[in-house]
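The structure under discussion appears below in the form of structure tokens.
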Amino acid sequence: MKTIAAIATGNAVGGIGVVRISGDEAIAVADKVFKSADSTPLSSLKGYRAKFGNIIEKGKAIDNAVALVFRGPKSYTGEDVVELSVHGGLLIVQKTLQAVLTAGAVPAQAGEFTKRAFLNGKMDLTQAESVADLISSQGEENMKASFNALQGSLSKTINSVLERLLDCSALMAAWVDYPDEEIEELSNDKLIDTLSQVRSQLDNLLKNYDCGQAITNGIDTAIVGRPNVGKSSLMNMLSGTDKSIVTHIEGTTRDVVEGDVTLGGIVLHLRDTAGIRQSDDVVESIGIEKAYNALDNAQLVLAVFDSSKPIDEKDVELAEMCAGKAAVAVINKTDLHAEFDIDKIKDRFKKTVYICAKDSVGLEDLSRCVNELMGVAEFDSSAPMLANARQKQNCQNAYDEICQALDGAKSGMTFDAINVMIDSAADELLSLTGRKATTEVVNNIFSKFCVGK
Ligand code: GDP
């Protein structure tokens, strides 16, 4: 592999600027541009040694520098690495890099140092991704989670799941292929037990991801309900501003009105939508279509019902649409005489809350419900966490395969059929950590890095 070089520090004036060189020729290249004060060549140094000296360009010293030598495999990339620290003026750092390139290195691509670290087995993909996350992290929780991942907490969990699966798979394969040999018998009970444990480990990861995302990115929330039940009033109660116009004429909330509110420490991206009902009015119909879409795409649904009106088929229809979703039945207008038969829809919702949007009553209950529903209370930022959609998808696919395998095991499916699913699950996890990731995936990940990392 070619010897690469790049400026490792930011594109701004600072006290120190660092040019990093990595590859077989790193030390030889550095020796061409750096002369130590005591004339010792860097090539005579062991790893983890530093020398003070000058950067030489066309025979002349252009700056003082400290050269730090790492000998592979004990370096960030796993290759020989030299870091030249010079004064942090933009021009001087660029000139140093230019001298290094003239001496035989080639410019590093975005993320190439970390990519080499990955290819040389210094870290897996989850750790490599956490390097990029750590650099770009803004929130403190986010930063903590990225550092945890860099320390390998996610890799450890995934690898322990993988070990279980591969053990299981090997045993099953041996059992199927060599039925006459004396191989430790794999009972269906033991298989079910292992698969259940794996499923719960993966489930924890997926839940923690959703919750972490909810806390860091906010939750897409749809407020839905028939016209006039008080959706806009709820939106206003949550946002404390008059984002939606509240009137008593049915169907006045024509379109999705958006806004962010904080409820019990989490951000809800609110969408207040047109009422769920059939309409001949074209404008109104467009609004209703959006309402259906909003409900489909939302991570949290607040379905509002008017407690002062008898339940009708539209309410039931809405409740049906909410079944299985993270949805709260918000029973509004509790200041009026109760006519609504909540029992007809209650079992379709994970939570039910009573409010009076007009007087802003019930906000705390709603906040508690949403927190419980989204698992915020149990969220543990120090637990291993999937960092992005790629990792989540791999984990989800593995989880789905394991659920199928478990169903299979419970219904007496043959071991070789179950093993196919276990192998697919293992493949997904191997892609997650990069032990089996395609070049395309790897290239895509590192292309998002900055140059010099
Ligand atoms: P939307 O069509 O679902 O957005 O409903 P609105 O928020 O526009 O409210 C419809 C009507 O119900 C308005 O006249 C509100 O003042 C009224 N309303 C909303 N919330 C309450 C409540 O808690 N109690 C009472 N009595 N009226 C309410």
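The values are calculated or read from the model by the stated rules, or taken from the named source; none is laboratory data. It should be emphasised that the depicted structure is a prediction, and the values quoted were computed from it without experimental measurement. Note that each Cβ is placed from the backbone with ideal geometry, even for glycine, and that neighbours are counted across all protein chains shown. Ligands, DNA and RNA are excluded from the accessible area calculation, which covers all protein heavy atoms including side chains. Shrake-Rupley method; radii C 1.70, N 1.55, O 1.52, S 1.80 Å.
Would you mind working out the magnitude of the charge dipole of the chain relative to its Cα centre, with +1 at each Lys and Arg C-beta and -1 at each Asp and Glu C-beta, to the nearest 20 Debye? Its charge dipole is roughly 2660 debye. Each DSSP beta bridge with both residues in region 37-167 is either parallel or antiparallel, and the antiparallel ones are about 100%. A simple rule links phi to the HN-Hα coupling: the Karplus curve 6.51 cos²θ - 1.76 cosθ + 1.60 with θ = phi - 60°, which for region 339-344 gives 10, 7, 8, 4, 4, 6 Hz, with x for Gly and Pro. Looking at the chain alone, DSSP beta bridges between its own residues are antiparallel in about 65 percent of cases.
Over the chain, Cα pairs under 8 Å with separation of 6+ residues give a relative contact order of 16 percent.
Principal-axis analysis of the Cα atoms of the chain puts helix 153-177 at an angle of about 80° to the longest axis. Close amide H partners of Gly47, meaning residues 5 or more places away or on another chain with modelled amide H under 5 Å apart, are Arg71. Here the chain has 50 percent of its accessible surface on carbon and sulfur atoms, given a 1.4 Å probe and all protein chains in place.
If a paramagnetic tag sat 7 Å from the Cα of Lys207 along the Cα-Cβ line, which residues of region 358-396 would have the backbone N under 17 Å from that point? Answer for this model: 369-386, 396.
In Å, the Kirkwood hydrodynamic radius of the chain over pairs of distinct alpha carbons? Show your work: numbers first, answer last.
Numbers: mean 1/r = 0.0379 Å⁻¹.
Here the Kirkwood hydrodynamic radius works out to 26.4 Å.
Taking a threshold of 31 Å on the Cα-Cα distance, which of the pairs Lys156/Lys190; Lys190/Lys392; Lys32/Lys115; Lys392/Lys453; Lys95/Lys156 fall above it? The answer is Lys95/Lys156. When the helices of the chain are scored as -39500 (n - 2.57) per DSSP H run of n ≥ 4 and the total is divided over every residue, the value at 222 nm lands at -14500 deg cm²/dmol.
Considering only Thr96, Thr3, Leu430, the residue lying farthest towards the positive end of the dipole of the chain is Thr96, judged by Cα position with unit charges set on Cβ. Shape analysis of region 86-125 based on the Cα gyration tensor places the equivalent ellipsoid semi-axes at 26, 12, 8 Å, largest first. Per residue, region 307-397 exposes 50 Å² of solvent-accessible protein surface, assessed with a 1.4 angstrom probe and all protein chains in place. Projected label points at Lys144 and His337, each 7 Å from Cα along the beta carbon direction, are separated by 5.3 nanometres. Here Lys325 is the anchor, and the lysines within straight C-alpha reach of less than 17 Å, apart from those fewer than 8 places off in the same chain, are Lys207, Lys346, Lys350, Lys351.
For region 345-453, GluC sites (Glu not before Pro) are listed when DSSP marks them as loop and at most 13 other Cβ atoms sit within 10 Å of their Cβ; the list is Glu378.
In the complete set of protein chains, residue-level accessible area for Tyr209 is approximately 20 Å², probe 1.4 angstrom. Anisotropy class assigned to region 1-60 is oblate, per the alpha carbon gyration tensor with a/c at or over the 1.5 cut-off and a/b no larger than b/c. Charge tally around Lys392: other residues with Cβ under 13 Å, Lys/Arg +1 each, Asp/Glu -1 each, net -3. The slack in the chain from Arg71 to Ser382, taken as 0.36 nm per residue of separation less the alpha-carbon distance, amounts to 108.6 nm. Over what distance in Å are the Cα centres of region 365-389 and region 304-362 separated? Taking the Cα centre of each part, region 365-389 and region 304-362 sit 24 Å apart. Shape verdict for region 323-453, please, from the Cα gyration tensor: rounded (a/c under 1.5), prolate (a/b greater than b/c) or oblate. The shape class here is oblate.
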